[in-house]
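Before any comments, here is the structure.
The values are calculated or read from the model by the stated rules, or taken from the named source; none is laboratory data. Note that the structure is a prediction, hence the values are computed from the model and not measured. Note that we place each Cβ from the backbone using ideal geometry, even for glycine, and neighbour counts take in every protein chain shown.
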Amino acid sequence: MAADPSDVSLTRFFDTSSAARKAAAPLKKSAEVGVTFTDVPGEFRFTLVDGRPRLLREKAQDPDFILTMSPGAVAAIAGKPDDDVGDLGITFFQHMLADKPEDKVRVKLHSGLIKLTMRGYLGVLAAGGPKVVMWLAQKGLKGPSAVASAISRLKK
């Protein structure tokens, strides 16, 4: 049986994963992410609807960043609906660093650190807890200045 298209898999994940809901809880109503998939045409937007994470088939109007997600990355993330927020965060970051295009999540940042903070993204990072902090530290991201530096690299 063929795997579902990435948009279907990610929508199901947001509908069923308690970790996805916990990770998205710190986000403000104004937070939105543009999403494209390498296996599905069209533009999508991730946002909160009635406080729940949703993937909508429409273009983001004021995206904080744009994600381009490969089928391998979506399968890895959506295939773990029972993971905790920390493990989910690590899986996402691992796919940002993936070498193979079929496993990659590409990120193009549109907002600066202040706007990201105001829209709740640092709260999402904090929701990952010590697991994410330790993983980021192992990758050389220790402290606020390292996070700010990493964010500035994503804007290029």
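General remarks:
- Checking each residue in segment 27-62 for being farther than 19 Å from L125 by Cα and either assigned to a helix (DSSP H, G or I) or charged (D, E, K, R) (or both) picks out D39, E43, R45, D50, R57, E58, K59, D62.
- Hits in segment 94-131 (condition: assigned to a helix (DSSP H, G or I), within 23 Å of A3 (Cα to Cα) and either within 13 Å of the chain's Cα centre (by Cα) or among the aliphatic types (A, V, I, L, M) (or both)): Q94, H95, M96
- Among (1) in contact with a helix residue (DSSP H, G or I) (Cβ under 8 Å, 6 or more places away or on another chain); (2) more than 21 Å from S18 (Cβ to Cβ); (3) modelled with pLDDT under 90 - the single one L125 does not satisfy: (2)
- Residue selected from segment 71-130 under the condition under 26 Å from V8 (Cβ atoms) and of a type in the set (K, R), by the criterion surrounded by the fewest Cβ atoms within 10 Å (Cβ to Cβ): K100
- For segment 32-65, a residue qualifies if it is among the aliphatic types (A, V, I, L, M) and either at positive phi or in contact with a Leu (Cβ under 7 Å, 6 or more places away or on another chain) (or both), and the qualifying residues are V33, V35, L48, L55.
- Residue list for segment 35-66, restricted to those being of a type in the set (A, V, I, L, M), within 13 Å of the chain's Cα centre (by Cα) and within 19 Å of D103 (Cα to Cα): V35, I66
- Of all residues in segment 27-58, those satisfying the criterion of being more than 22 Å from K115 (Cα to Cα) and in contact (Cβ under 8 Å) with a residue 40 or more places away in the chain are T38, R57.
- For segment 132-156, the set of residues classified as at pLDDT below 80 and either in a helix (DSSP H, G or I) or surrounded by 15 or more Cβ atoms within 10 Å (Cβ to Cβ) (or both) consists of L141, P144, S145, A146, V147, A148, S149, A150, I151, S152, R153, L154, listed by residue number.
- Cross-chain or 6+ apart pairs with Cβ under 8 Å, segment 1-26 first and of a type outside the set (A, V, I, L, M), then part of a helix (DSSP H, G or I) and loosely packed, with under 15 Cβ neighbours inside 10 Å: D4/R12; P26/A126
- Residue count for segment 1-26, restricted to those that are more than 13 Å from D83 (Cα to Cα) and part of a helix (DSSP H, G or I): 9
- Looking only at segment 71-109, residues that are in contact (Cβ under 8 Å) with a residue 60 or more places away in the chain and touching a strand residue (DSSP E or B) at 6+ places or on another chain (Cβ under 9 Å) come to 3 in all.
Conditions (1) at pLDDT 95 or above; (2) more than 13 Å from A23 (Cβ to Cβ); (3) touching a helix residue (DSSP H, G or I) at 6+ places or on another chain (Cβ under 9 Å); (4) hydroxyl-bearing (S, T, Y), marked per residue:
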| residue | (1), (2), (3), (4) |
| --- | --- |
| R54 | yes, yes, yes, no |
| E58 | yes, yes, no, no |
| D62 | yes, yes, no, no |
| M69 | yes, yes, yes, no |
| V74 | yes, yes, yes, no |
| G79 | no, yes, yes, no |
| D82 | no, yes, yes, no |
| G86 | no, no, yes, no |
| Q94 | no, yes, yes, no |
